[in-house]
Amino acid sequence: MPEDAKSPDVTIVGGGIIGLSIAWRARAQGLSVTLLERDAAGRGTSYVAAGMLAPVAEVEFGAAGRRLLELGLRSAEMWPGFAAELEEAADMDVNLLQTGTLMVARDEDEARELERQLAFRESLGLRAERLRPSEAREREPGLAPGVRLALEAPEDHSVDPRLVLTALRSACVSAGVQLREHAPVAHVQLDAPGERVTGVALAGGEGVLVGQVVMAAGAWTGQIAGLPRDAQVPVRPVKGQILRLRDPAGAGLLRRVVRFEGGYIVPRADGRYVLGATVEEKGFELSPTVGGTYELLRDAGELVPGASELQIEELCVGLRPGTPDNTPVIGPGAARGLTWATGHHRNGILLAPLTAGLVVETLLGKTEDPLLCACDPGRFMRVSGWDLQSNELQSSIGAQR
């Protein structure tokens with residue numbers, strides 16, 4: 001490392017939608033920013049994502065689900081302004097479609113579950129409308145006649161992540177972010193007491209001086225060495241298979257995002273559709289499978305018969321960064337000079353504006369937002385028995401797992 005090397009104010013590890021969003025926002029606050037990406041920026045998990053902005057449709061039972069809902073609702077409110085600023089900065093459209101989401105039941109069992117889901121959302125004060133089959137098909141004529149029930153979440157929308165990533169990369173470069181691609185970080189370097197991050201080392205051996213580090217490496221977070229055990233966070237890869245389809249006749253088969261048991265169909269403005277997605281605990285396995293794609297295509301065809309006429313453009317596999325409670329890790333870590341922004345699982349696109357805002361406030365030393373409490377990186381270390389390698393709670397009652 002050259003003696004006269006100067007470290008940037010912020011070094012971001014990871015160039016997906018989270019890392020790029022933070023870089024863009026940090027640069028706008030006058031911070032000098034270097035972003036290190038293991039591959040090409042914007043071509044990893046974020047590039048594969050469907051782009052649903054759906055905190056209402058995706059809310060889950062339990063305390064963790066409610067914490068994630070609060071994050072999602074706040075970030076969803078930020079998306080229109082975030083998209084408008086980004087479109088102006090990059091001089092391009094990011095295809096934010098504010099058309100709502102339909103949750104659809106195909107049989108009586110699914111209809112009963114949908115009624116339960118409606119009651120749950122009403123108890124939380126969320127907007128969701130119960131639709132009879134005829135009403136659902138009136139709003140989306142492409143639905144199959146056999147649909148039993150539907151819920152509409154009018155405030156759940158979608159965006160095209162690939163356009164967002166292209167725009168973010170352009171905006172970052174224009175703003176003066178130093179973007180270093182194909183620069184995988186191998187480990188974090190600490191000072192002699194092992195309390196503060198002073199640099200990172202790339203896989204090829206190059207050392208990079210840092211001011212502050214933001215860890216936004218997604219599913220690859222756990223592969224970066226150097227942190228003591230009590231300063232690590234448990235993040236694992238969760239495999240997802242997803243298809244991209246195209247209608248030769250153009251747009252019109254669906255206007256809204258349609259969700260069903262086990263999957264979803266997300267329309268784009270140009271007649272393309274995203275069909276997904278499997279959820280598989282397969283480590284870093286990236287091979288698509290016949291079974292996974294068959295089930296997605298079968299279910300989509302049963303729900304939207306016209307989907308069987310669509311052309312398959314692409315079969316993708318992505319690795320979502322999961323945590324034990326499926327809530328992201330955002331905020332300062334145990335090692336000084338290190339801020340976490342990872343573990344977003346299925347919500348990286350939705351939570352990008354909020355995460356960027358929270359991280360930049362942390363970097364600037366501003367008053368902590370109460371939402372950071374739900375994302376506290378130290379929450380796992382406070383639970384006795386977390387195994388950071390397997391992401392499981394180890395206990396003497398292991399047979400019950």
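Observations on the model:
- As for the range 38-52, it holds at least one residue that is surrounded by 18 or more Cβ atoms within 10 Å (Cβ to Cβ) and over 17 Å from the mean Cα position of the chain (by Cα).
- Elements of the type strands (runs of 3 or more DSSP E) sitting completely within the range 146-194 and holding at least 2 residues that are over 30 Å from PHE260 (Cβ atoms): these cover 178-180, 185-190.
- Close contacts from the range 205-226, counting a first residue that is under 16 Å from LEU190 (Cα atoms) and a second that is among the acidic types (Asp, Glu) and in a loop (DSSP other than H, G, I, E, B), with Cβ to Cβ under 8 Å and a gap of 6+ residues or different chains, come to GLY211/ASP9; GLN212/ASP9.
- Verdict on ASP270 being at pLDDT below 95, closer than 30 Å to LEU372 by Cβ and charged (D, E, K, R): no
- Qualifying residue in the range 117-130 (condition: of a type in the set (Ser, Thr, Tyr) and surrounded by fewer than 16 Cβ atoms within 10 Å (Cβ to Cβ)): yes
- Among residues of the range 249-266 that are modelled with pLDDT under 95, none has a beta-carbon under 8 Å from a residue that is of a type in the set (Lys, Arg) and in a strand (DSSP E or B) at least six positions away or on a different chain.
- When restricted to residues that are in contact with a Gly (Cβ under 8 Å, 6 or more places away or on another chain), more than 17 Å from GLY142 (Cβ to Cβ) and of a type in the set (Asp, Glu), the range 243-298 contains 2.
- Output for the range 280-312, where each listed residue is in a helix (DSSP H, G or I), loosely packed, with under 12 Cβ neighbours inside 10 Å and among the hydrophobic types (A, V, I, L, M, F, W, C): VAL290
- Extreme residue, surrounded by the fewest Cβ atoms within 10 Å (Cβ to Cβ), among residues of the range 11-32 that are more than 22 Å from the chain's Cα centre (by Cα) and under 15 Å from THR339 (Cβ atoms): GLN29
- Selection status of VAL257, crowded, with 24+ Cβ neighbours inside 10 Å, under 23 Å from LEU102 (Cα atoms) and not small (Gly, Ala, Ser): yes
- Screening the candidates ALA171, ALA150 for the property of being on the phi < 0 side of the Ramachandran plot and either touching an Asp or Glu at 6+ places or on another chain (Cβ under 8 Å) or not assigned by TED's automatic domain parsing to the domain that holds ALA23 (or both) yields one hit, ALA150.
- Out of GLN212, GLN223, sole residue that is assigned by TED's automatic domain parsing to the domain that holds PRO332, polar (S, T, N, Q) and in contact with an Asp or Glu (Cβ under 8 Å, 6 or more places away or on another chain): GLN212
- Residue selected from the range 233-254 under the condition within 12 Å of VAL304 (Cβ to Cβ) and buried (at least 21 other Cβ atoms within 10 Å of the Cβ), by the criterion nearest to the chain's Cα centre (by Cα): LEU245
- Number of the condition not met by TRP340 [criteria: (1) within 18 Å of GLY44 (Cα to Cα); (2) out of contact with any Lys or Arg (no Cβ under 7 Å at 6 or more places or on another chain); (3) of a type outside the set (S, T, N, Q)]: (1)
- Strands (runs of 3 or more DSSP E) fully within the range 26-137 counting 2 or more residues that are in the same structural domain as VAL257 (by TED's automatic domain parsing), of a type in the set (Ser, Thr, Tyr) and in contact (Cβ under 8 Å) with a residue 12 or more places away in the chain: none
- Every residue from the range 174-198 that is at positive phi and modelled with pLDDT under 95: GLY194
- Of the residues making up the range 23-43, those that are within 21 Å of ALA201 (Cα to Cα) and not basic (Lys, Arg) number 10.
- The range 336-368, subset part of a loop (DSSP other than H, G, I, E, B) and surrounded by fewer than 24 Cβ atoms within 10 Å (Cβ to Cβ), residue nearest to the chain's Cα centre (by Cα): GLU368
The values are calculated or read from the model by the stated rules, or taken from the named source; none is laboratory data. Here the structure is a predicted model, which is why all the values come from computation and not from measurement. So basically every Cβ, Gly included, is an ideal-geometry build from the backbone, and we count neighbours across all protein chains shown.
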